[in-house]
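The values are calculated or read from the model by the stated rules, or taken from the named source; none is laboratory data. Everything numeric here is computed off the predicted structure, so don't read it as measured data. For neighbour counting, all protein chains shown are included, and Cβ atoms are generated from backbone atoms with ideal geometry for every residue, glycine included.
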Amino acid sequence: MRYACLIYYHPKTLFGGSPQANAVLAECAGYDEVLRASGHFVTAEALVLPEEAMTVQVRDGKMSSVDGPFMETKEILGGIIVIEARDLNEAVRVASGHPLATIGFIEVRPVVDFSQPPPAL
Amino acid sequence: MSTAGPRDALEAAYRTEARRVLATLIRLLGGFDAAEEALHEAFTAAAEQWPRQGVPANPYSWLVSAGRFRTIDRWRREARLTGALPELMALAEPTPEPAMPEDIQDDELRLIFVCCHPALTPDARIALTLREVGGLTTEEIARAYLTPAPTIAQRIVRAKAKIRDEAIPYEVPDRDDLPARLESALQVIYLIFNEGYAATEGPNLTRADLCAEAIRLGRLMVELLDQPEAQGLLALMLLHEARRATRVDASGDLVLLEDQDRALWDRALIAEADGLIGRAIASRRIGPYILQAAIASVHAEAAGTAETDWVQIVALSDVLGRVDPSPVVALNRAAAIGMRDGPQAGLAAIEAVMGQGGLDGYHLAHAARADMQRRLGLTEAARTSYRRAIELTRQPAERRFIEGRLGQL
């Protein structure tokens, strides 16, 4: 199965220049290769900070957009890694090995299997 | 080197060897997480090397060596980067390779008993054993338990942390402790069997590999120690297994017990089960598995539904309900009352059981109620019950069967 690992961190912590943060950033640079070597890697992208982002929506056929979301004091979504894993526990174990898990947090989300019926809510 | 295609060989090796390789790697590497990553790396290595170099004569030994070698190699690299951790490096020292079949079997027993250790909560024991010994995914366990997958995943994470933090030994308990630790292990084995017998997903109604795995573990337990409940569980699984071929038709649709071709039931398995039941009952220590096996045996002996000794089945169900009360046991007893005393009594009994709660999400409870309503000519009520059962059924063949019943109304 595939799982999206959504990486959240606090920008001021990660880019604040502390030795720990700098070590994490250095380690992140090669981590795709670690995942590729272990056979878990599907795809990965790091995201520019949300102040460079736009949010768009269409209602009644009209598009409206705003800039942001703005960085407040909370952690931001900073990267997405899609991995192949046997199950949720393996995905969590793989995600826990990512350097950013030591400074931010990682949400592990199963990718939808469209052969299954949609959730009944 | 085998002549089978490497890809088929790899899939076969995953089915038959993965759990045994894991059990050995946990002993060699000293922990679940390291062993699981090593298992993954071993199969990654196999996918790379088997197509080029051929399939090894002994995939188990090859996979254990590959997983261990890759992990130790990775530890050495990490140790150079981060400063050596002596306790990890100690594990990297050569240890005797497991070559003898007894070693492999011992590793599997070690794994069963560490997963079923009393320091873990009962829920955690079951989840961990289903995943590590039975090879189910977190998601399959979640569906079997009608529980969200993150809940199961968390149980497994915490159980592993507890095993690590409390340094629970990776060993088969001595004979004094074995009986006390057997009950949880048997429960887990039966759940693996049930997951295979009535798979919660997938195109096929039965997943023979899971059933075979549960029976294998059941036999291991019977061989390990002379315990009547272990015999009872093995007998129960064998009696289900004996009927497997008749449980679905050629198009993969479900066939009810009353419509199954009893001439095709596997008489050798039934005879083996009866022998086990006889041994277990002779011990005079009667537990839930022996009772369930005895009920299944009454069905196996009968030439048809009409010839079935429903009086005896209700009587055995009464005892079972006292020894091991549960909503599903009560439901099965109510359905047997319907066979003994007719649909009116059956419907009343089923509704009484459902009224006590705990079965609202269980599709077979709604299907059983629908069958009694159908037999009583309560067509509208039966329709509503069948529809509810269909909503709750995930297994396609089971859903088709209930839809067929609904269509016949």
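Details
- Test: residue in the stretch A:24-31 that is closer than 21 Å to A:I76 by Cβ and within 13 Å of chain B (Cβ to nearest Cβ): yes
- Here the condition is being free of Cβ contacts under 8 Å to residues at least 40 places away in the same chain and surrounded by 13 or more Cβ atoms within 10 Å (Cβ to Cβ); of A:V56, A:V48, A:V92, A:V42, it holds for A:V92 alone.
- Boolean, A:S115 is part of a strand (DSSP E or B) and more than 14 Å from the chain's Cα centre (by Cα): no
- Restricting A:G79, A:G68 to those that are out of contact with any Lys or Arg (no Cβ under 6 Å at 6 or more places or on another chain), within 29 Å of B:W75 (Cβ to Cβ), away from chain B (no Cβ under 14 Å) and surrounded by 11 or more Cβ atoms within 10 Å (Cβ to Cβ) reduces the list to A:G79.
- Taking (1) within 11 Å of chain A (Cβ to nearest Cβ); (2) assigned to a loop (DSSP other than H, G, I, E, B); (3) crowded, with 24+ Cβ neighbours inside 10 Å in turn, B:G135 satisfies each apart from (3).
- Scanning the stretch B:13-69 for residues that are out of contact with any Ser or Thr (no Cβ under 9 Å at 6 or more places or on another chain), more than 20 Å from B:R131 (Cβ to Cβ) and not in a helix (DSSP H, G or I) returns a single hit, B:N58.
- Total residues in the stretch A:86-112, condition more than 9 Å from chain B (Cβ to nearest Cβ) and part of a strand (DSSP E or B): 4
- Only one of the listed residues (B:A208, B:A180, B:A149, B:A214) is at pLDDT 80 or above and out of contact with any strand residue (DSSP E or B) (no Cβ under 8 Å at 6 or more places or on another chain). That residue is B:A214.
- Within the stretch B:281-299, considering residues that are in a helix (DSSP H, G or I) and hydroxyl-bearing (S, T, Y), the one nearest to B:R322 (Cα to Cα): B:Y289
- Which listed residue, of A:K74, A:K62, A:K12, is touching a residue at least 40 places away in the same chain (Cβ under 8 Å), surrounded by fewer than 16 Cβ atoms within 10 Å (Cβ to Cβ) and more than 14 Å from chain B (Cβ to nearest Cβ): A:K74
- When restricted to residues that are more than 19 Å from B:L238 (Cα to Cα), within 22 Å of the chain's Cα centre (by Cα) and outside any loop (DSSP other than H, G, I, E, B), the stretch B:248-271 contains 1.
- Of the criteria (1) surrounded by fewer than 17 Cβ atoms within 10 Å (Cβ to Cβ); (2) in contact with a helix residue (DSSP H, G or I) (Cβ under 7 Å, 6 or more places away or on another chain); (3) outside any helix (DSSP H, G or I); (4) not hydroxyl-bearing (S, T, Y), which one B:A381 fails: (3)
- Scan of the stretch B:300-326 for residues that are surrounded by 12 or more Cβ atoms within 10 Å (Cβ to Cβ), of a type in the set (G, A, S) and not in a helix (DSSP H, G or I), ordered by number: B:A302, B:S326
- Filtering B:A167, B:A127 for residues that are among the hydrophobic types (A, V, I, L, M, F, W, C), in a loop (DSSP other than H, G, I, E, B) and within 17 Å of B:D33 (Cβ to Cβ) leaves a single hit, B:A167.
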